[in-house]
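The block underneath contains the structure these notes are about, expressed in structure tokens.
The values are calculated or read from the model by the stated rules, or taken from the named source; none is laboratory data. If you're wondering where the values come from, they're calculated on a predicted model, not measured in any experiment. Reconstructed Cβ throughout: ideal geometry from the backbone, glycine too, with neighbour counts over all protein chains shown. Accessible surface is based on the protein model in full, side chains and every heavy atom, while ligands, DNA and RNA are left aside. Shrake-Rupley method; radii C 1.70, N 1.55, O 1.52, S 1.80 Å.
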Amino acid sequence: MERQDYTMPTLLRYENVAWYEQGSVRILDRRIYPRETSFVECATYQEVAQAITDMVTQSAGPYTAAGMGMALASYQSKELSAADRIAYLEQASEVISTARPTTANRMRLITEKCVEAAKKALENGEDPIESIKQNTIDSLNRRYYTMNKVAKHLIDKLPEDGTVLTQCFGETIIGMLLREAIEQKKKIRFFCAETRPYLQGARLTASCCAEMGFDTTVVSDNMIAYLMSSQKIDLFTSAADSIALDGHIANKVGTYQIALLAKYFGVPYFVTGIPDADKKDRGDIKIEMRDPEQVMELNGIKHTLKGVKAIYPSFDVTPPELIGAVVTDQGLYSPYDLENYFKGNTENRFY
């Protein structure tokens, strides 16, 4: 398949997400982009896992980093016997896939496929490093191709000169929506909630929108009610780190409160992504609690007095009654009807 990152903004070109080359993995440091364009170099798969934990990359970026990290693990184990090499990769799979708990199920799909690719390569006398890297590129192509279908369904819900409110950085769907709008010559204006404490909306989503030539405005997270009461917002959209089959979705903390405001102001909220077959209900979603120090500082500058405490739930959970639809590659589904997505659609083309 042709590489699917053509005409994508800087953040979404494969080599700028995460890339294995000659015994190291290079990951664009999204914590400081676009203020700086800098890469974190990882010499071991353990360093890749730590980079994922530390949010050097986030949204769908860790899926790419995970696959490239598995290629690095294969490089690290190249002097071992075939059996020991597979055991080494299985250990790497567990370490990398659990680097962030909320998305461990999705990450494991990728790392376990890398193990299978290595097994097949070793059986055929081929290089497992290159097989894992190619498997990761194939996964990227599937994800981009699938999310392009999602974008086509989503853009149909937007009028000409429509206005979209985003939350956090939806990675692939953002790039695909922008590309689809350009290809359809459809004019869209974007408002991007800044998304504290890492400012992914301001730094990443807004950067992609602006780089692709769209009218882009950043608003702080506490301006949403003002925005919806003073501007015509046609659609609020976000991706989701988890989509349970009972219609509950987990996304960057702050999504729930925007969904509440969207409901109040009559703005449809469309979630993009593929339901998680292994998450039956809200109880299967694990919320990652991150270092509270990150709430008390911004760009490394502390802004609270000693003794002040904070909490940092990385995600919150939005219930199905606040969601207009879940937009998938197969079309739009009611959040109460997600199990039907899997009827006659058993092939996983996302990971």
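Some observations on this one:
- Computed over the stretch 136-202: relative contact order in percent, which uses C-alpha pairs under 8 Å that are six or more apart: 36
- Within the chain, helix-based [θ] at 222 nm, where runs of 4 or more DSSP H residues each add -39,500 (n - 2.57), nearest 500: -11500 deg cm²/dmol
- Top of GLU116, GLU90, GLU293 by mean-square fluctuation, Gaussian network on the chain, Cα under 10 Å: GLU293
- Karplus-derived HN-Hα couplings along the stretch 294-305 (A = 6.51, B = -1.76, C = 1.60, θ = phi - 60°), whole Hz, x at Gly and Pro: 5, 7, 8, 9, 9, 6, x, 9, 6, 10, 10, 6
- Under 12 Å, Cβ to Cβ, from TYR33 - net charge with Lys/Arg +1 and Asp/Glu -1: +1
- Using alpha-carbon coordinates, inclination of helix 61-76 to the longest axis of the chain, degrees: 10
- Sulfur and carbon atoms: percent of accessible area, the stretch 193-240 [1.4 Å]: 52
- For the chain, built as a Gaussian network whose Cα springs stay under 10 Å, the top-fluctuating residue of ILE110, ILE173, ILE224: ILE224
- Helix 104-123 and the longest principal axis of the Cα set of the chain meet at an angle near 30°.
- Residues of the stretch 184-297: accessible area per residue with a 1.4 Å probe, Å²: 41
- Sequence-distant lysines (8 or more away, or on other chains) whose Cα lies within less than 30 Å of LYS157: LYS149, LYS185, LYS186, LYS187, LYS232, LYS252, LYS263, LYS279, LYS280, LYS343
- In the chain, the DSSP beta bridges split such that about 50 percent are antiparallel, to the nearest 5.
- Share of alpha-carbon pairs per 20 Å distance bin for the chain, given as whole %: 31, 59, 11, 0
- Counting only alpha carbon atoms, the long axis of helix 255-265 and the longest principal axis of the chain meet at about 30°.
- Springs between Cα atoms under 10 Å define the GNM used for the chain, and in it the highest mean-square fluctuation of THR146, THR304, THR272 occurs at THR304.
- Model label zone, ILE287; criterion: amide N under 13 Å from point 7 Å along Cα-to-beta-carbon; scope the stretch 231-265: 249-257
- For the stretch 1-81, the alpha carbon convex hull comes to 100 Å³ per residue, rounded to a whole number.
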